[in-house]
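We did not get these values from a lab; they are worked out from the coordinates using the rules stated. A quick note: this is a predicted structure, and the numbers were derived from the prediction, not measured. Here Cβ is always computed from backbone atoms with ideal geometry, including for glycine, and neighbour counts include all displayed protein chains.
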Amino acid sequence: MDWLTLDPLDATQIRDQARTHTLGREIEVVRRLVSTNDRVRDAAARGRALGFTVLAEEQTAGRGRRGRRWHGVAGHGLALSCLLGRAGIEPGVFTLAMALGVRQGILQTTGVEPHVKWPNDLHVGRKKLCGILVEALPGELAVVGLGINVHPMTQLPDALRASATCLDAVAGRATSRTVLAARVLESVEEVWARARGGGGAGILDDWRQATVDLGARVCVETGGDSWEGIVVDIDETGALLVQVAPDHVERILAGSVRVLASAGEVG
């Protein structure tokens, strides 16, 4: 299907539908660009206001965490980046908060309730639905970029098709990307306000409720090392706590976590 024609992104409609004070008040929709994160980062360097948001129908070099390439097809996904302030917010908590905001926007739009995979990917079952990339900027700013798989993409490589899903497939109906963008902006702004207002503890509790990582056996890769263990919790900074031996818990600040067995399978 020609989703560019059937479901085009519309900056005016997104701004009008989003009940926000800051996010998306200044907004651009671009047909094709290198990276929405790069566009927002460059705009921040020129003094653009907090909340500046860029969406792209197609990215030629979109990226995810740890330098991974984000695969997408024009008109099929939601690629969105925005400029936020992170002053007074623990970096790890900020990252977890962004995942919760995007998750809530998806839930409000479609009824689909993805779970959060540490630190901020969204999955349905074992398949990835959304990736989020937070990049810190000078002046306690951050670019928050996200890519949500919305419409089916038959052009994906076989390996990715087996490990990814899209909203249309799990919701059982077509999703309006314009409506989705508006709801995501609202939800991200709400959780951002909570984080700035000292609500970090509540955000951590909400993240625990939204993940299936707790109790799972995982393989962790960080700094060239890898090991297996059981996820026991996150701490007050948002770090993942993984028990790798009866008397030893590793604190993971950054890295790649692959679920080997769910909590139910471990038990």
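Model label sites at Arg126 and Leu260, defined 7 Å from Cα along the beta-carbon direction, differ in position by 1.4 nm.
When only C-alpha pairs under 8 Å and at least 6 residues apart count, what is the relative contact order of the chain, in percent? Provide the component values of the computation, followed by the final result.
Values: 565 pairs, mean separation 48.9, N = 267.
It rounds to 18 percent for the chain.
Among Gly125, Gly101, Gly238, the largest mean-square fluctuation in a Gaussian network model of the chain (Cα springs under 10 Å) belongs to Gly125.
Which FRET efficiency value, to the nearest 0.05, do you get for Thr5 and Ala162 by plugging their Cβ-Cβ distance into 1/(1 + (r/R0)^6) with R0 = 30 Å?
Result of the calculation: an efficiency of 0.55.
For the pair Thr222 and Leu253, label points projected 7 Å from Cα toward Cβ lie 0.9 nm apart.
Around the amide H of Ala261, modelled in the peptide plane, lie the amide H atoms of Arg217, all under 5 Å away and 5 or more residues distant in sequence or on another chain. Anyone know which of Leu180, Leu160, Leu96 comes out most mobile in the 10 Å Cα GNM of the chain? Between Leu180, Leu160, Leu96, it is Leu160 that shows the largest mean-square fluctuation. Among Arg173, Arg103, Arg46, the ranking by other beta carbons within 10 Å of each residue's beta carbon, starting with the fewest, stands as Arg46, Arg173, Arg103. Separation of the stretch 85-121 and the stretch 157-211, taken as the distance between their Cα centroids, equals 6 angstrom.
Could you list Ser262, Ser187 in order of exposure, starting from the residue whose Cβ has the fewest other Cβ atoms within 10 Å?
Ser262, Ser187
Largest GNM mean-square fluctuation across Ala74, Ala142, Ala97, computed for the chain with C-alpha springs under 10 Å, falls on Ala74.
Our helix-only sum for the chain, with -39,500 (n - 2.57) per DSSP H run of n ≥ 4 divided by its residues, gives a mean residue ellipticity at 222 nm of -9500 deg cm²/dmol. Exposure proxy ranking for His123, His76, His115, based on other Cβ atoms within 10 angstrom of each Cβ and starting from the fewest, stands as His115, His123, His76.
In the calculated pair-distance distribution of the stretch 212-266, the portion above 14 angstrom amounts to 47 percent of the Cα-Cα pairs. Relative to the longest principal axis of the Cα atoms of the chain, the long axis of helix 177-196 lies at roughly 50 degrees. You can think of it this way: the chain between Leu50 and Glu135 has 29.1 nm of extra reach, that is 0.36 nm per residue less the Cα-Cα gap. The length gained on full extension between Gln209 and Leu241, counted as 0.36 nm times the residue separation minus their Cα-Cα distance, comes to 9.9 nm. Mind pulling the angle between the C-alpha long axis of helix 91-110 and the longest principal axis of the chain? Nearest 10 degrees, somewhere in 0 to 90. So the helix axis and the longest Cα principal axis differ by about 60 degrees.
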